[in-house]
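Peer 1: Got a structure for you, written out below as structure tokens; questions coming shortly.
The values are calculated or read from the model by the stated rules, or taken from the named source; none is laboratory data. Remember, predicted model here, so these are calculated numbers, not experimental data. Positions of Cβ are backbone-derived with ideal geometry, glycine not excepted, and every protein chain shown enters the neighbour counts.
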Amino acid sequence: MTGTQTAAVAETAAPAAAETTEDGYNFAYLDEQTKRMIRRCILKAVAVPGYQVPFGGREMPLPYGWGTGGMQVTASIIGANDTLKVIDQGADDTTNAVNIRRFFARTADVETTETTGEASIIQTRHRVPEDPMTEDQILVLQVPQPEPLRSLEPREIECRKMHAYKEYGLMQVSLYEDIARFGEIATSYSYPVMVNDRYLMSPTPIPKFDNPKLDSYPALQLYGAGREKRIYAIPPYTKVKSLDFDDHPFQVQQWEENCALCGAEDTFLDEVILDDRGGKMYVCSDSHYCARRRAEGHSGKLSGSAAAAYAAAVGADQPEKGA
Amino acid sequence: MNAMSPLLRVHNLSHAFGSLLACSDVSFELHSGEVLGVVGESGSGKTTLLNCLSARLVPTNGIVEYDLRDRGLTDIYSLSEPERRFLLRTDWGVVMQNPRDGLRMSISAGGNVGERLMAVGARHYGEIRGTAEEWLEKVEMDLGRIDDAPKHFSGGMQQRLQIARNLVTKPRLVFMDEPTGGLDVSVQARLLDLLRGLVRELKLSAIIVTHDLAVARLLADRLMVMKDGKVVETGLTDQVLDDPHHPYTQLLVSSVLQV
Amino acid sequence: MYVAVKGGEQAILNSHKVIAEERRGDPAVPELTLAQVKEQMQLAVDRVMTEGSLYDRDLAALAIKQAQGDLVEAIFLLRAYRTTLTRFGATLPIDTAKMAVRRRISAAYKDLPGGQVLGPSYDYTHRLLDFALAAEEGVGAPQVDMAEEPVDESIPRVTDILNHEGLIEEEVAADDEARVADLTREPMEFPAERDMRLQNLARGDEGFLLALGYSTQRGYGRNHPFAGEIRLGEVAVAFEPEELGFPIEIGEITVSECQMINQFAGSAERPPQFTRGYGLAFGHCERKTMAMALVDRALRARELDETVDYPAQDEEFVLYHSDNVEASGFVQHLKLPHYVDFQSELQLIRSLRRRHDEEQMEAAE
């Protein structure tokens, strides 16, 4: 225990001093004991890819469901020399991403960045970056519901048995039902995957567009579910297969249009409503990727000045703005 | 496999709920292709016995051995839980009295039949659907209902679907608990006809628990009569029903005749 | 041109300034002091301490002020603070039989050793708005007369009285050496043992438990309860430092306790006897402890060989959904942007509609 922590504890009796305790928190908020406990769980998760390791999740100063699992994982692995990038929906400037980045800048005083290549840790909600990651980087995903079987089987005890015995027939039945009813598998995000041919895993609500990236990914993927108190992992270069049928193979989303700002043809696009008469355009959801391409001279159908005005309005115009 | 060795061998099986002895000291053998009827009034311990035999209730005493395809006669309660669950959805079938307990009511008929196939690794949608169609035809269901959920089906249709769902993996042994219970008489008759045909065509072995002697006569080769948890009489079906020895069996048979 | 709302640091900081201003309200009105909250909103403080699982009236008062009186938010604040505190160890179990009782009632007996002590209670107030409290000059310093006789120093618990006859199950004295699980340090496991369950319920949302307890009374898992005893008062807290080897008293806390006595027909293993449901809370949280005791008893269905048919008896259902910090966070996380997933769903719906239209066309041809 550090001296500053003692001070924070001693101040419990003096609430007037509460605002000063902010500086009394340990590096990256969690105490070292807790971080060690979480790191042990992470090691176990890495050793058994896709298996959900229960952990003694702590109450974080951000609400459950807002990334407390990812934050605890990040807090446990981050060091003073790390560079952190935080994205939500693929963008660095969404409120929740800003808020979590602010939290670590404040409690761990680490460098932050918006550039995928510069980050040693990227914490994300709902997206995997478009730019490839490397073996030197770690991707931390925030998980609202770790249990891929939950929608089919609400009982935790039964779900754990199904994983232990590798009884995944029911999951396949749900895909069968989709095809029977809709002619295709009607799951567009949180699309279930088999990890290392053994554990069924929810890749969190990333769009299925991102699923293929998870397979043989060079970076370590860590998944943290705070409310449900589970950690799981996919080690680098692990086989990750999206469930499908031989005659209805897994497919990702495709757009008929390209990014209106940078012209990218192969990224996940967000639909931007332009007016109330059905006018819309599509732009990259990965704000850093889009900005980098534009800096490199790529452009989309939106004219140069309009694109610049739009980018300025949503704060996606500074590819190098960093911490 | 030795032609003489039984498919299922039960030795001194008893089960008690607390101080209440639900079934006591049951022993018998079941051979391949044989259908055994277990008859008795409700509360006689039939269903408890069936649950113990089908690996769903650990008996207080006794041994249940099944002729596993890969290792011969094996005490089923020496198997691990996943092995037992695997057996239950591959080499065995269990048809419940209430289709609600044996079907997934909000999953389509095709999905219900296909589930066992997918559980053992089938991953070709067209083939799974094809097999499901075959089985729906076998149990005389309208193929137009393949994508409908059983919650919208009649009782008889639900029961036929439950049978198809169980037989799709070609089990060697099927357990049935009052398979025609709760159905109208005319619906019962059609279902019995269907069951008799399937049992013969597929050379199924089955254990059928029923309080209905007509069902027993139509389907079973041999009968076991239970009263207060004990087997009071066994023998070939015709023998037991036409020449009952035990007073309880006599009462059962006569009460049916009076109806 | 309409563009998406831009998130960002400035917006967040501005939002904080707005809540600071709203929290203060009209500056012409004197600012609320923590002492006022602590002294004059005691029951709110008690609830925040209980569900925040931290016995500290000052911090609870601060949390209530900071949260503008939103108690669930205040509970969250206290919990988040609590996580960072160092643990020195676990105290010895408190002994409520040695409570300095301020209130003690039993609905099971007319009179009993120690007597019925009504103490502070809204039970028999007429719920008429008291405009005297609205008066400018306030209510002054109301005082209550001393009782003629002091309350007994030690009052036996009703359940212990019943126990002399063997009519009620023994308190589960499973294993004194067994470590008590700590829900704030380890994940819940199912089936959950009673230590974990009671911790969960003690921290659980009062409204949720109240509704569940009520549902058992209306027939969704009826368990025939009698309010065996409800008591409120101060108990000593003792701690045994390892290096000392003997316990020392480190202070006292106020707790409310409810022991429900429930009918039980008996099972194969147990004779017919009364069973218990237990509720405990920091401070004066009587409604909470009663609801907790009902739900605790309902959740013993598995242990007592009763069928589990209703929500209040279903431990995964109850224990997974009782925590209002978890529930509030997850319900409100729907406010976070979900536009990537929504985009995916838009794509899917369009594709399904296209397919539907094509099929209609084909059918028409």
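Peer 1: From the list B:Gly110, B:Gly126, exactly one residue is surrounded by fewer than 16 Cβ atoms within 10 Å (Cβ to Cβ), within 13 Å of chain A (Cβ to nearest Cβ) and within 24 Å of B:Leu161 (Cβ to Cβ). Which is it?
Peer 2: Just a single option satisfies the conditions, and that option is B:Gly126.
Peer 1: Another one. On the basis of being buried (at least 17 other Cβ atoms within 10 Å of the Cβ), in a helix (DSSP H, G or I), of a type in the set (D, E, K, R) and within 16 Å of the chain's Cα centre (by Cα), does A:Arg101 make the cut?
Peer 2: yes
Peer 1: What are the residues in the range A:270-305 that are away from chain C (no Cβ under 14 Å) and either of a type outside the set (A, V, I, L, M, F, W, C) or part of a loop (DSSP other than H, G, I, E, B) (or both), if any?
Peer 2: Selection gives A:His288, A:Arg292, A:Arg293, A:Arg294, A:Glu296, A:Gly297, A:His298, A:Ser299, A:Gly300, A:Lys301, A:Gly304.
Peer 1: Follow-up. What helices (runs of 4 or more DSSP H) lie completely within the range C:154-222 and have 3 or more residues being within 21 Å of C:Met292 (Cβ to Cβ) and within 14 Å of chain A (Cβ to nearest Cβ)?
Peer 2: C:194-203
Peer 1: Would you pick out the residues in the range A:25-50 that are more than 10 Å from every other protein chain (Cβ to nearest Cβ), crowded, with 20+ Cβ neighbours inside 10 Å and part of a loop (DSSP other than H, G, I, E, B)?
Peer 2: A:Ala28, A:Pro49, A:Gly50
Rundown of residues vs (1) in the same structural domain as C:Leu304 (by TED's automatic domain parsing); (2) charged (D, E, K, R); (3) at pLDDT below 85, yes/no style:
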site	(1), (2), (3)
C:Gly140	no, no, no
C:Ile155	yes, no, no
C:Ile161	yes, no, yes
C:Gly166	yes, no, yes
C:Glu186	yes, yes, no
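Peer 1: Which of the residues spanning the range B:168-208 are in a strand (DSSP E or B), out of contact with any helix residue (DSSP H, G or I) (no Cβ under 7 Å at 6 or more places or on another chain) and either closer than 16 Å to B:Thr47 by Cβ or hydrophobic (A, V, I, L, M, F, W, C) (or both)?
Peer 2: Within the range B:168-208, B:Leu173, B:Met176 meet the criteria.
Peer 1: If you don't mind, another one. Checking the structure you have, find out if any residue of the range A:65-84 is under 24 Å from C:Thr83 (Cβ atoms), of a type in the set (Asp, Glu) and modelled with pLDDT under 95.
Peer 2: Checked against the condition, which is being under 24 Å from C:Thr83 (Cβ atoms), of a type in the set (Asp, Glu) and modelled with pLDDT under 95, the range A:65-84 yields no hits at all.
Peer 1: Another one. Looking at (1) in a loop (DSSP other than H, G, I, E, B); (2) crowded, with 20+ Cβ neighbours inside 10 Å; (3) aliphatic (A, V, I, L, M), which is the only condition A:Leu175 fails?
Peer 2: (1)
Peer 1: Using beta carbons and a limit of 7 Å, which pairs, at least six apart or on different chains, have the first residue in the range C:61-82 and free of Cβ contacts under 8 Å to residues at least 60 places away in the same chain and the second one among the charged types (D, E, K, R) and not in a helix (DSSP H, G or I)?
Peer 2: From residues that are free of Cβ contacts under 8 Å to residues at least 60 places away in the same chain, the pairs are C:Ala80/A:Glu59.
Peer 1: Then there's this: Conditions first: (1) surrounded by 14 or more Cβ atoms within 10 Å (Cβ to Cβ); (2) assigned to a strand (DSSP E or B). B:Gly33 passes all but one, so which condition is the exception?
Peer 2: (2)
Peer 1: Is there any pair with a first residue in the range A:240-252 that is at the interface with another protein chain (Cβ under 10 Å from one of its Cβ atoms) and a second that is among the β-branched types (Val, Ile, Thr) whose Cβ atoms are under 6 Å apart and which are 6 or more apart or on different chains, and what are they?
Peer 2: If the second residue must be among the β-branched types (Val, Ile, Thr), the pairs left are A:His248/A:Ile179.
Peer 1: Would you mind telling me which numbered condition in (1) closer than 19 Å to C:Glu345 by Cβ; (2) more than 20 Å from the chain's Cα centre (by Cα); (3) part of a loop (DSSP other than H, G, I, E, B) A:Thr267 fails?
Peer 2: Among (1) closer than 19 Å to C:Glu345 by Cβ; (2) more than 20 Å from the chain's Cα centre (by Cα); (3) part of a loop (DSSP other than H, G, I, E, B), A:Thr267 violates only (2).
Peer 1: Grab the helices (runs of 4 or more DSSP H) fully contained in the range C:1-82, keeping just those with 1 or more residues being farther than 28 Å from A:Asn99 by Cβ and within 13 Å of another protein chain (Cβ to nearest Cβ).
Peer 2: C:34-40, C:42-51, C:57-66
Peer 1: Which numbered condition trips up C:Ala238, out of (1) surrounded by fewer than 19 Cβ atoms within 10 Å (Cβ to Cβ); (2) away from chain A (no Cβ under 14 Å); (3) in a loop (DSSP other than H, G, I, E, B)?
Peer 2: For C:Ala238, the exception is condition (3).
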